[in-house]
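The structure appears below as structure tokens.
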Amino acid sequence: MNTVLPGPESPGGDDFDRASVLGLVADVGGTHIRFGIAVGASATGPLGVHCVRRYAVRAHESLAHAAHHYRNATPGVPAALNRAAVAVAGRVDHDRVQLTNSGWSFSTKALSESQQFTDLKVVNDFEAVGHAVGALRAMDLNPIGTQRLSLPLTNGVCAIVGVGTGLGVGGVVASHGKFHVLATEGGHASFAPTNERSIDVLRWLRKKFGRVSAERVLSGAGLANVYMALCASEGLHVPELSAAEITTRASTGSDANCVEAVGLFCELLGSFAGDVALTLGAWSGVLVSGTMLQHFDRNTLERRVRAGFEYKGRFTPAMRVVPLESISHPHVELLGAARLLVNT
């Protein structure tokens, strides 16, 4: 049950300067949890995260239990770690944290005491991505379209949208090199269809859920919802498929319904990202995170996401010049958590 799950390791691996250790970092999602060791920038390298390990949330009874396991079972982790930063897929309400798509909840004070931390920071995962923006490089981003985000971001507003088990939204306001990060629950804003096919999806989802949030469409479960809704609108009775199954069938072209579902999903993602840009005034650009996007056909991703992003009526000309990029850094939430330890 505690086997390390396959996934990308940190670029620096487990070989690092122990004298530059900042503390423990963690990214707690609805499905997986990742731990790592934050190492400060030095003459030999930039800020980084090492000893990254990923576990299934269901394999552990609590965050504290998972942290104990990581610290005891991972070679190279310093025994004395008194500082930590944790990114969570949920709302942080003072001392209480409840994961949105998991049964986990915890007290920050109790976690700090159990791990003997003298300094513990817990933030929303998309707040953590916001903090990471200051450490991202051009090689960590893949443009969707021709526009590129200007790095380092010193002035302006950048929005962040993340697709995974849920849908996350955040923002960064940069002023003369200083960052103010916005933590939001924008993924739970109402789903806003813009064409007949997406209206069909909304009708189907309303019968199932009543009120329909954007997350009901733009997430792993959301892709499955889009697929089922499109099939139902055609009078097709099909078995439920997972997001991975839909993506695989779409990539091989073996199932036309899956191809359509992925295409519409991409368009809806672009539309939502464009709405976030307009809402926040994110003219510096929008960053999209989430490993789901890595499994989509790149041409479909760029064409359909960008089309949805720019389709904003009178603001279409303005949206054409707004950068939209996907984040390819394998541990961006952990990198953001590491930045929290640097800046305090």
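The values are calculated or read from the model by the stated rules, or taken from the named source; none is laboratory data. Keep in mind the model is a prediction, meaning the values are calculated, not measured. No Cβ is skipped: glycine too gets one built from the backbone with ideal geometry, and neighbour counts run over all protein chains shown. Accessible surface is based on the protein model in full, side chains and every heavy atom, while ligands, DNA and RNA are left aside. Shrake-Rupley method; radii C 1.70, N 1.55, O 1.52, S 1.80 Å.
Computed over protein heavy atoms with a 1.4 angstrom probe, the accessible surface ordering of TYR227, TYR311, largest first, is TYR311, TYR227.
Test of understanding: what is the full-extension gain from ARG91 to ALA138, defined as 0.36 nm times their sequence separation minus their Cα-Cα distance?
Full extension of this stretch gives 13.9 nm more.
With all protein chains in place and a 1.4 Å probe, the accessible surface of the chain carries 53 percent carbon and sulfur.
Note on GLU113: accessible area is roughly 120 Å² with a 1.4 Å probe, heavy atoms of protein only. At 0.36 nm per residue, and after removing the present C-alpha to C-alpha distance, how many nm does the segment from LYS109 to SER150 gain when stretched out fully? Gain on stretching LYS109 to SER150: 10.9 nm. Please say if the chain is rounded, prolate or oblate, where rounded means a/c under 1.5 for a ≥ b ≥ c the square roots of the C-alpha gyration tensor eigenvalues, and otherwise the choice is prolate for a/b larger than b/c and oblate otherwise? Here the chain falls in the prolate category. Charges were assigned to the Cβ only: +1 to each Lys and Arg, -1 to each Asp and Glu. The resulting dipole of region 206-321 about its Cα centre is roughly 420 debye.
Given axes a ≥ b ≥ c from the Cα gyration tensor, I'd like to know whether region 239-344 is rounded (a/c under 1.5), prolate (a/b larger than b/c) or oblate.
Values: a/c = 2.70, a/b = 1.24, b/c = 2.19.
Taking the square roots of the gyration eigenvalues as a ≥ b ≥ c, region 239-344 is oblate.
The 1.4 Å probe gives accessible areas that order ASP95, ASP255, largest first, as ASP95, ASP255. Relative to the Cα centre, the charge distribution of the chain, modelled as +1 at Lys and Arg Cβ and -1 at Asp and Glu Cβ, gives a dipole magnitude of about 460 debye.
For the chain, the 222 nm mean residue ellipticity estimated from helices alone, with every DSSP H stretch of n ≥ 4 adding -39500 (n - 2.57) and the total spread over all residues, rounds to -9500 deg cm²/dmol. With the simple spin-label model, which puts each label point 7 Å out from Cα in the Cβ direction, the ALA73 to THR316 separation comes to 5.4 nm. Cross-link reach is defined here as a Cα-Cα straight distance under 21 Å, omitting same-chain residues fewer than 8 places apart; for LYS109 the lysines meeting it are LYS121. A straight line joining the Cα centroids of region 212-242 and region 152-176 runs 28 Å. For region 59-118 and region 296-310, compute the distance between their C-alpha centroids and round to whole Å. Region 59-118 and region 296-310 have Cα centres spaced 37 Å from each other. Of the listed residues GLU234, GLU61, GLU127, the order by accessible area with a 1.4 Å probe, largest first, is GLU61, GLU234, GLU127. Bridges between two residues of the chain, per DSSP, are antiparallel at a rate of about 70%. For region 38-127, DSSP calls about 60 percent of its internal beta bridges antiparallel.
Can you tell me how region 14-84 classifies by the Cα gyration tensor, rounded, prolate or oblate, using a/c under 1.5 as the rounded cut? Could the numbers behind the result be given before it?
Details: a/c = 2.43, a/b = 1.91, b/c = 1.27.
Prolate.
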